[in-house]
Amino acid sequence: MTDSQRQNLLAHLQTAVEIELSTIPIYLYTYYSINRLPSACDPLKDGQALATFANRAGGLIMSVAVEEMLHMSLACNLMRSLGGAPKIYGKSPGAYPTNLPHHKAGFSVGLSKLSHSQLEKFLGIEKPEKRGAKPEGDNWETIGQFYDYIENLIVEQTTDADFKYEAHQLGTGKGYYSANNVDTIYPKDAYYIQQPENPLDPAARGADQAIYPNNEDSGGLMVVKDKKSALKAISIIQHQGEGYADDPTHKADDPEKDEDSHWFKYNELAKEIKKFKADDLNCFVHPFPENPTRAGYPSQFLPLVDLANAVYSYLLLITEVSFTLKGSAQSTLFYVGMHKGMIFILDKILGGMRYLYLNNKAGEVLAPTFENYQFTSLASAKQELVALANAVPASLGLDPNIIQRIEVLPDVNVGADGIVRF
Amino acid sequence: MSSQNHIPLELHACMGLNACKGHDRLGTNECSGMGTCATAAEHSCHTLNNCRGQGGCGLYGNAEEQNRPGDNPCSWQGSCAVPINAERFSTDGPNQGKSVWQRARTIFEQKMNRSGRTFGPSPSPVGPPTAWLKKNYNPDYNACGASGMSGGGSCI
């Protein structure tokens with residue numbers, strides 16, 4: 001391919017990175033609005049069904065969010081394979097509601113708690129393309145059409161030799177990605193926990209109830225090293241999002257039909273949530289504000305809001321820097337940084353925030369704003385993050401374990417010796 | 001139960017996974033494989049372990065990690081909370097939907113057999129239930145995960 005063709009393809013792949021990235025805070029916001037183990041539903045007539053739906057909705061939304069992170073990584077691998085440098089830090093939407101990058105005008109989605117209308121927005125994001133729809137590289141209508149455009153560029157303009165950079169991609173066999181975890185699974189019936197445990201097989205009570213919404217065969221992290229693998233990466237992203245174009249149900253996204261597409265998962269939830277009275281949903285949906293901003297919150301909460309945004313932004317920085325490293329430096333930064341950062345720092349901060357009431361008329365609680373935090377200097381970003389954590393007043397209830405974990409996050413500034421420091 | 005006066009001789013992830021006599025948290029077990037408690041630093045989840053062999057497994061981590069509970073090769077590569085409660089099942093990999101503790105015990109027995117070492121039965125053939133851990137080990141014991149399906153509640 002010519003250099004200008006390469007630059008054009010890289011520009012569209014960077015847009016792909018930003019499209020995938022833009023969905024993550026939106027899905028996570030709604031995810032954190034859900035109490036997956038609600039006791040407040042118990043007294044209600046539909047308490048068991050509501051509790052079961054709460055856990056299922058949480059599991060399904062997280063199962064999609066996990067795959068959006070995968071899709072962003074696959075788009076980054078595609079860029080790296082061509083010698084490009086994906087930009088992630090500072091590229092989250094920042095202000096909400098927002099349209100998706102380069103989507104045609106008229107669509108917007110924001111930070112909103114779980115509701116039927118928010119699930120309708122999710123369906124808009126994951127909307128399957130119509131059969132025969134034309135590829136669109138800009139002002140696109142569906143994500144599928146946008147990726148069709150990229151696919152055409154790869155088919156028509158590249159050869160295997162163009163995909164020659166493997167070293168800095170996030171590869172397989174390093175524990176970077178898993179399809180399921182304890183946050184994506186959910187029980188068939190939330191009240192299973194009330195059944196007695198079998199003393200001869202204590203694991204059976206939960207295991208017999210567990211539903212695993214993702215499946216390995218729908219595709220995972222992969223290194224792009226030629227035209228075929230580049231097209232495979234595009235295919236994983238498209239199918240996991242909207243299923244197969246020739247299947248009018250858009251249900252399955254894998255050859256064995258073990259995993260539902262994002263669109264199908266959200267469509268099921270949108271149908272199910274309508275069965276419940278709107279007021280009853282309050283037994284498990286936290287009173288999150290609509291599109292909150294740092295500027296709109298009372299000042300006493302800002303240290304925690306800033307920390308949440310800084311952690312979120314630092315994780316994006318870790319990801320971006322990981323694509324510039326290789327070998328043990330990359331695995332130390334990405335594996336340790338992202339797993340510890342997402343599961344045991346960001347998750348715990350966001351989970352704790354929602355129990356702080358804003359004391360406003362609507363009875364709302366503190367919720368993440370997912371704004372881009374701009375570190376004063378990237379050279380001291382880790383130190384700034386630690387300082388922010390230590391500046392949170394005790395009155396905001398930040399657990400000391402979380403501060404300790406932030407202190408031992410890997411530093412994104414990897415020295416010339418290639419050693420990741422903490 | 002207290003571990004204050006005994007310095008662990010070996011770090012392992014749970015009941016029945018000790019390699020030698022005197023290697024459980026109390027230092028009183030009669031034989032390998034018969035220890036009552038983990039000696040590895042208690043931790044609540046994925047990547048929070050400090051040493052080799054301390055990962056509990058089953059809740060987070062990829063298929064390969066989840067298939068090697070108590071057998072992680074390096075610090076921070078453990079795949080979940082220690083001790084391993086008996087209710088916990090693997091969420092990914094070949095052991096998906098099966099007991100994590102029993103998988104850890106199988107790996108332990110394989111290692112001992114490869115080394116030509118004998119070992120005794122675990123104090124419990126299914127591992128320590130959460131209720132037992134709360135009563136005998138730590139009243140605040142928990143594992144992790146928003147689904148609540150770890151069997152050990154959720155962690156901070």
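Does A:Thr184 meet the test of being among the β-branched types (Val, Ile, Thr) and either in contact (Cβ under 8 Å) with a residue 24 or more places away in the chain or outside the structural domain of A:Phe122 (by TED's automatic domain parsing) (or both)? Break it down into steps so the answer makes sense when it comes.
Numbers: among the β-branched types (Val, Ile, Thr): yes; either in contact (Cβ under 8 Å) with a residue 24 or more places away in the chain or outside the structural domain of A:Phe122 (by TED's automatic domain parsing) (or both): yes.
So A:Thr184 passes the test.
Which of the residues that make up the stretch A:1-58 are crowded, with 19+ Cβ neighbours inside 10 Å, of a type in the set (Ser, Thr, Tyr) and more than 30 Å from A:Leu231 (Cβ to Cβ)?
A:Tyr29, A:Thr30, A:Tyr31, A:Tyr32, A:Ser33, A:Thr52
Condition first: in contact with a Ser or Thr (Cβ under 7 Å, 6 or more places away or on another chain) and among the β-branched types (Val, Ile, Thr). Now tell me which residues in the stretch A:298-344 satisfy that.
A:Val305, A:Val336
If I filter the stretch A:335-379 down to residues being more than 14 Å from every other protein chain (Cβ to nearest Cβ) and open to solvent by less than 20 Å² (accessible area, probe 1.4 Å), which single residue comes out as farthest from A:Phe284 (Cα to Cα)? Lay out the reasoning, then the answer.
Taking the stretch A:335-379 as the starting set, the residues that turn out to be more than 14 Å from every other protein chain (Cβ to nearest Cβ) are A:356-379.
From the residues that got through so far, the ones that are open to solvent by less than 20 Å² (accessible area, probe 1.4 Å) too are A:365-370, A:375.
Numbers: A:Val365: 14, A:Leu366: 16, A:Ala367: 15, A:Pro368: 18, A:Thr369: 21, A:Phe370: 22, A:Phe375: 35 Å.
Among those residues, the one meeting the criterion is A:Phe375.
Determine, yes or no, whether A:Gly171 is touching a Pro at 6+ places or on another chain (Cβ under 9 Å), open to solvent by less than 50 Å² (accessible area, probe 1.4 Å) and either touching a residue at least 12 places away in the same chain (Cβ under 8 Å) or assigned to a loop (DSSP other than H, G, I, E, B) (or both). Quick ask: steps written out before the conclusion?
Details: touching a Pro at 6+ places or on another chain (Cβ under 9 Å): no; open to solvent by less than 50 Å² (accessible area, probe 1.4 Å): yes; either touching a residue at least 12 places away in the same chain (Cβ under 8 Å) or assigned to a loop (DSSP other than H, G, I, E, B) (or both): yes.
So A:Gly171 does not fit the description; no.
For the stretch A:178-205, give me the residue count where each residue is over 25 Å from A:Tyr31 (Cβ atoms) and part of a loop (DSSP other than H, G, I, E, B). Explain how you work it out, then say what you get.
Kept after step one, since they are over 25 Å from A:Tyr31 (Cβ atoms), are these residues of the stretch A:178-205: A:194-205.
Now restrict to residues that are part of a loop (DSSP other than H, G, I, E, B): A:195-203.
Residues flagged as over 25 Å from A:Tyr31 (Cβ atoms) and part of a loop (DSSP other than H, G, I, E, B) within the stretch A:178-205 amount to 9.
Condition first: over 28 Å from A:Gly241 (Cβ atoms) and at the interface with another protein chain (Cβ under 7 Å from one of its Cβ atoms). Now tell me which residues in the stretch A:206-217 satisfy that.
Within the stretch A:206-217, A:Gly206, A:Ala207 meet the criteria.
Find the residue count for the stretch A:376-400, including only residues that are in contact (Cβ under 8 Å) with a residue 40 or more places away in the chain and either within 15 Å of A:Val311 (Cα to Cα) or assigned to a loop (DSSP other than H, G, I, E, B) (or both). Full working, then the answer.
So in the stretch A:376-400, the residues in contact (Cβ under 8 Å) with a residue 40 or more places away in the chain come out as A:378, A:381-382, A:384-385, A:388-389, A:391-393, A:395-399.
Within this subset, residues satisfying the condition of being either within 15 Å of A:Val311 (Cα to Cα) or assigned to a loop (DSSP other than H, G, I, E, B) (or both) are A:378, A:381-382, A:384-385, A:388-389, A:391-393, A:397-399.
The qualifying residues number 13.
Can you tell me how many residues in the stretch B:106-156 are hydrophobic (A, V, I, L, M, F, W, C), in a loop (DSSP other than H, G, I, E, B) and touching a Phe, Trp or Tyr at 6+ places or on another chain (Cβ under 6 Å)? Before the answer, list the steps.
Going residue by residue through the stretch B:106-156, those that are hydrophobic (A, V, I, L, M, F, W, C) are B:107-108, B:112, B:119, B:126, B:131-133, B:143-144, B:146, B:149, B:155-156.
If we keep only those that are in a loop (DSSP other than H, G, I, E, B) as well, we get B:119, B:126, B:143-144, B:146, B:149, B:155-156.
Adding the requirement that they be touching a Phe, Trp or Tyr at 6+ places or on another chain (Cβ under 6 Å) leaves none.
Counting residues in the stretch B:106-156 that are hydrophobic (A, V, I, L, M, F, W, C), in a loop (DSSP other than H, G, I, E, B) and touching a Phe, Trp or Tyr at 6+ places or on another chain (Cβ under 6 Å) gives 0.
Can you say whether B:Gly145 is modelled with pLDDT under 85, on the phi > 0 side of the Ramachandran plot, in contact with a His (Cβ under 8 Å, 6 or more places away or on another chain) and open to solvent by less than 70 Å² (accessible area, probe 1.4 Å), as far as the supplied structure shows?
Answer is no for this residue.
For the stretch A:81-102, name all the residues that are more than 15 Å from the chain's Cα centre (by Cα) and buried (at least 23 other Cβ atoms within 10 Å of the Cβ).
If the condition is that a residue be more than 15 Å from the chain's Cα centre (by Cα) and buried (at least 23 other Cβ atoms within 10 Å of the Cβ), then A:Ser81, A:Pro86 are the ones that fit.
The values are calculated or read from the model by the stated rules, or taken from the named source; none is laboratory data. It should be emphasised that the depicted structure is a prediction, and the values quoted were computed from it without experimental measurement. Methodologically, a virtual Cβ is constructed for each residue, glycine included, from the backbone with ideal geometry; neighbour enumeration extends over all protein chains shown. Please note that ligands, DNA and RNA were not included when accessible areas were found on the heavy atoms of the full protein model with its side chains. Shrake-Rupley method; radii C 1.70, N 1.55, O 1.52, S 1.80 Å.
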